[in-house]
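Working notes for the structure below.
Derivation of every value follows stated rules applied to the coordinates shown; laboratory data play no part. Nothing here was measured: the structure is a model prediction, and the numbers come from that model. So basically every Cβ, Gly included, is an ideal-geometry build from the backbone, and we count neighbours across all protein chains shown.
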Amino acid sequence: MNIEIKERFMAAWDKYFPGRELPIVCYYSNELGDVKFPNHPKPNKKGYTCIFSQIAPVRQGRSRAFNMENLGCFGSFIPLGFETNVSEDVKNYICNIERVKKTYAHVDGLYEHHSSKRTPGKFLVFKRWDALEEQDSPQVVFFFANPDVIAGLHTLANFDSMTAHGVMSPAGSGCDSIVGFSMSELESEDPKAFLGALDPSVRACVKPDVFTFSAPWPKFFSMFENMDESFLSANCWTNVKSRFK
């Protein structure tokens, strides 16, 4: 990670999104370094712990790493790159417990068009932006934000897009929306960003006015480079920005 980029983004973020929560970066790695690898959580009343709950410390600046040994939800294994096959347990949970897909065939159809790939590293590391170090290699950047911030990120992501589809919101789990979909766009010639936290199971893990916005590193970097010449310096954004304080 280029530390100059880290510092420049923090300055720009404070300028255009003052007081708003810094994004989280994630990447695959075979080394933990000084990142904590927490124990497997005890199941809650629903029998699982959502990754949104597990990364809550990351939002406070405490870096964490995960894999199949300590993820609290088996439904996250595919979106986070640790499994490729849809198990019967996953199908049963999606159809008969969450009831967000009508039949097993619909689940198969969902994952047939899911382009996530097997992880190239042993761990998936999560760090808040200000915790990044020179040896880190960001792959995905995602934000927890209210609608005003989401509007700014959405518009910025479409600023240099030749289509109206710079941001997508496909059906999937919460971990798909922050990690899986963006990871699948890393090598795309026209990478997309993703609006998320729309999975009903995730909504209980975030505040009512909070959604997520995720981008693969190439898309995020182009957004960052466009900040100063975009609408963020126009009166329309000044009016919105005044509400942040």
### Task
Give me the distance between the Cα centres of the stretch 207-237 and the stretch 35-90, rounded to whole Å.
27
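Measure up Lys207/Lys241; Lys45/Lys101; Lys42/Lys245 against 32 Å on the Cα-Cα distance and list the ones that go over.
Beyond 32 Å between Cα atoms: Lys42/Lys245.
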### Task
Write out the GluC sites (Glu not before Pro) in the stretch 10-72 meeting two conditions: DSSP loop, and at most 15 other Cβ atoms within 10 Å of their Cβ.
Glu31, Glu69
### Query
Out of His106, Thr49, Leu195, whose Cα points farthest toward the positive end of the dipole of the stretch 3-241 (charges: +1 Lys, Arg; -1 Asp, Glu; placed on Cβ)?
Thr49
### Task
Please identify, among Thr163, Thr119, Thr49, the residue showing maximal mean-square fluctuation in a Gaussian network model of the chain using a 10 angstrom Cα cutoff.
Thr163
#### Entry: Among Asn70, Asn235, Asn226, residue whose mean-square fluctuation peaks in a GNM of the chain (springs only between Cα atoms under 10 Å)
Asn235
### Task
Among (1) 24, 20, 18; (2) 29, 21, 17; (3) 28, 24, 18, find the value of semi-axes √(5λ) of the Cα gyration tensor in Å that was calculated from the structure presented, and write down its label.
(2)
### Task
Rounding to the nearest 20 debye, state how big the charge dipole of the chain is about its Cα centre with +1 on each Lys and Arg Cβ and -1 on each Asp and Glu Cβ.
1080
### Summary
For the stretch 229-245, in residue order, the Karplus 3J(HN,Hα) values (coefficients 6.51, -1.76, 1.60; θ = phi - 60°; whole Hz; Gly and Pro = x) are 9, 8, 4, 4, 9, 9, 4, 4, 7, 4, 5, 6, 4, 5, 7, 5, 7
### Task
About the Cα centre of the stretch 117-240, how large is the charge dipole given +1 on each Lys and Arg Cβ and -1 on each Asp and Glu Cβ? Please answer in debye to the nearest 20.
580
### Task
Any lysines with Cα under 17 Å of the Lys127 Cα? List them, leaving off those in the same chain fewer than 8 positions away.
Lys6, Lys36
### Task
Grab the other residues whose beta carbon is less than 11 angstrom from that of Gly109, score K and R as +1, D and E as -1, and report the net.
0
### Query
Points 7 angstrom from Cα along the Cβ direction at Asn2 and Glu133: gap in nanometres?
2.2
### Query
How do Lys122, Lys207, Lys91, Lys219 line up, fewest other C-beta atoms within 10 Å first?
Lys207, Lys122, Lys91, Lys219
### Query
Which GluC sites (Glu not before Pro) from the stretch 125-203 combine a DSSP loop assignment with at most 13 other Cβ atoms within 10 Å?
Glu133, Glu134, Glu187, Glu189
### Task
Quick one: among Ala204, Ala193, Ala105, which has the greatest mean-square fluctuation in a GNM of the chain with alpha-carbon springs under 10 angstrom?
Ala105
### Task
Let me know the charge dipole size of the stretch 1-90 about its Cα centre in debye, to the nearest 20, where only the beta-carbon of Lys, Arg (+1) and Asp, Glu (-1) is charged.
440
### Message
Net charge around Ser182, counting only other residues with Cβ within less than 11 Å of its Cβ (Lys, Arg = +1; Asp, Glu = -1)?
### Response
0
### Message
What are the ³J(HN,Hα) couplings of the stretch 151-164, residue after residue, when phi is run through the Karplus curve with 6.51, -1.76, 1.60 and θ = phi - 60°? Round to Hz, x for glycine and proline.
### Response
4, x, 5, 4, 5, 5, 5, 8, 4, 10, 8, 7, 10, 8
### Summary
Asn85 and Leu32 label points (each 7 Å along its Cα→Cβ direction) are spaced in nm at 2.9
#### Entry: 20 Å cut-off, amide nitrogen to a point 7 angstrom out along Glu21 Cα→Cβ, residues in the stretch 220-245
220, 241-245
